[in-house]
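The values are calculated or read from the model by the stated rules, or taken from the named source; none is laboratory data. Fair warning: this is a prediction, and the values are worked out from it, not measured in the lab. We place every Cβ from the backbone using ideal geometry, glycine too, and count neighbours over all the protein chains shown. Heads up: the accessible areas ignore ligands, DNA and RNA and are worked out on the full protein's heavy atoms, side chains in. Shrake-Rupley method; radii C 1.70, N 1.55, O 1.52, S 1.80 Å.
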Amino acid sequence: MTVLPITIGILVAGGVYLLCQPGLVRIVFGITLLSHGANLVLLASGVSAWRGEPLTGAGDPADAGDPLPMAFVLTAIVITLAVTVFMLALARLGHDDDTRHVPDTGEDHHA
Amino acid sequence: MTGSLLPLLVVVPLLGAALGALVPGRLARVLLVLAPVATTAGGVALLVEHAQTPVLAHGVGGFVPGIAIPLVSDTLTAVMITVTGLTTTACIAFALVTGEARLRFFPTLVMMLSAGVNGALLTGDVFNLFVFIEVMLLPSYALVAMTGTWRRLGIGRLFVVVNLVTSTILLVGIGLVYGVAGSVNMAVLSGVDADDPRFRLAVGVVLLALAVKAGVAPLHGWLPRAYPATSATVMALFSALHTKVAIYAIFRIHQTVLDGATSWMVPLLVLFGVTMLVGAYGSLGERMIRRSLAWQMIAGVGYILLGLAIGTQLGLAAGLFYMVHHILVMGSLLLSSGAVERAYLTHQFVGLSGLMRREPLLAVVVALAMMSLVGFPPSSGFFGKVGIARAAADLDGAWIWVVLGVLVVASIGTLLAMTRLWADVFWGPPLEESPSRGKGHTDLPPVDAETRMQTWSLAPAGALLLVSLAIFVVPGPLWELCLQAADGLLDVTAYVEAVTAP
């Protein structure tokens, strides 16, 4: 049972390291690692013993894994995926905004 | 009204959002106006209902308690839904005036935001709180990216990254809560032994994440940088919705799940006192109207949460009263700034001067709203601060003087900041003679002597201000509601029964 905590630790450490790097793409990767760590924390909170499938009739309910953390993780994965896509779009669109160049967004910026 | 109508408050705006993406623009804007009006009406109906039944609960889909997704409404929820609905309506009215509502998908995004806010205010489940906060944030990312100056793209990164990392921390906290207590239902969690250090730590992680979202010092740095880069309309929306939902969640979780743990009072008092001071004096370094106001938002967060730290019935009620006042006044000031930007193309102090003679009506609205922010009569801010001071007077020994001292010093900071804003923007030479306008090609375009803002672009800000003034004239009903909400937070028996009853 030490695999999960160590994995979470490595994922979070890598995520925090990448978050501290310049460049949005690295930050996106960092956030991805961090959210994987968070998902494993969620799994560890309910299905840590890798018990049986939580299906009725498939086995003894006492041995069945808790389905709720799996639902949590599924929700979290979907949300992170959506935001990652949005952030990659931001990384492409505003790629030189640190240098005060006006990015080409198809608008005029006279104001 | 029964609990089974509660999901409508989420479903109606969400349905509006879906329809808004499909139907032609004009029809989408009709939906955009109807959705927050319906939300406000729903909030008022809930307020009326809670005079008899203190708590309404509904398990979505009719599942048994413990499995169902619970939606719960009590007086606190109803007050929040009404006030946020009202402010959203004003912001949308302003978006229609400025033409932002014509932007593609703007109606859809705002309705989605509204659905997320209503859901977060109604949910009785910590995990669904996370989900609804995400529902609220996703359209916000898009709103940041589509309105404001081109700087929004860089700022949008900051906003997204901070909120996403915070959401991850919130998720980890919820996972830990589930691991310790075996449930994420707040009614069930209120029965868990709050003295268990593991449980406290887990809830502490949740509260930490919410504190970042609320903008509590020293975790506030992102807010005054991110918000002013969007347009005034979107900033007013965010000001009324985002931080306030986080504060609502802090109130709810601290009182329901931790049973209002008073052993944290001293660190909390210090934290929120620092927030008030940092916010109040942070404005002094800014040279743009909305940047200056963003710092005052942080000060407001401190005042509201100070009520929570005091923790008595009076304290909680005063905090909630201040929250209502703050939402209204901040909305009014930000929309006034939006009206200035619409007519004079900037909210920088350097590009504005002499607006007092030029725009007397604007000057009256902004002056009254500023007085409300500082806490002078005739405005809701006066009773907001009186309430906090009254609650602080019940503290032990020296803490009375510390808290009252911070209150006064922070109010003076707000007064100084607002005086400076007033002196730079409203006093000074007429705008057409302003040296900063129209010299070089990088300067702002010059302004004609007869240029004026459209009177009706000030109407949404004026409407919010009128509500604030009405609260000064008749503070009783709102104060009663806040006391009722505070009672509901202190004694959660009715809440727990309503959620867990079959």
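So the values come out like this:
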read-out	value
Protection-proxy order for peptides B:28-37, A:74-83, each taking the mean of Cβ atoms within 10 Å per residue, highest first	B:28-37, A:74-83
Euclidean distance between Cα centres, the range B:202-233 to the range B:324-378, Å	24
Distance cut-off 48 Å, percentage of C-alpha pairs in the protein assembly as shown lying past it	10
Inter-chain Cβ neighbour average for residues A:20-30, partner chain, 10 Å	1
Selected from B:Phe105, B:Ala498, B:His254, residue furthest toward positive end of dipole (the protein assembly as shown; charges at beta carbon)	B:Phe105
Fraction of accessible area attributable to carbon and sulfur, the protein assembly as shown (%, probe 1.4 Å)	69
DSSP bridge orientation in chain B - percent antiparallel, rounded to nearest 5	90
For the pair B and A, total buried accessible area rounded to nearest 100 Å², probe 1.4 Å	2800
Accessible area expressed per residue, the protein assembly as shown, with surrounding protein chains retained (probe 1.4 Å, Å²)	39
Chain B: calculated mean residue ellipticity at 222 nm from DSSP helix runs of at least 4, using -39500 (n - 2.57)	-24000 deg cm²/dmol
Pairwise centroid distance, computed over Cα atoms, of the range B:385-399 with the range B:1-80, Å	36
Among B:96-106, B:228-238, the order from most to least packed when residues are scored by Cβ within 10 Å on average	B:228-238, B:96-106
Cβ-derived FRET efficiency at R0 41 Å, A:Arg26 paired with B:Ala51, nearest 0.05	0.15
D (Stokes-Einstein, µm²/s), Kirkwood Cα radius, the range B:228-362, 1.306 mPa s at 10 °C	99
Whole-Å semi-axes of the ellipsoid equivalent to chain B (Cα gyration tensor, √5λ, descending)	36, 26, 20
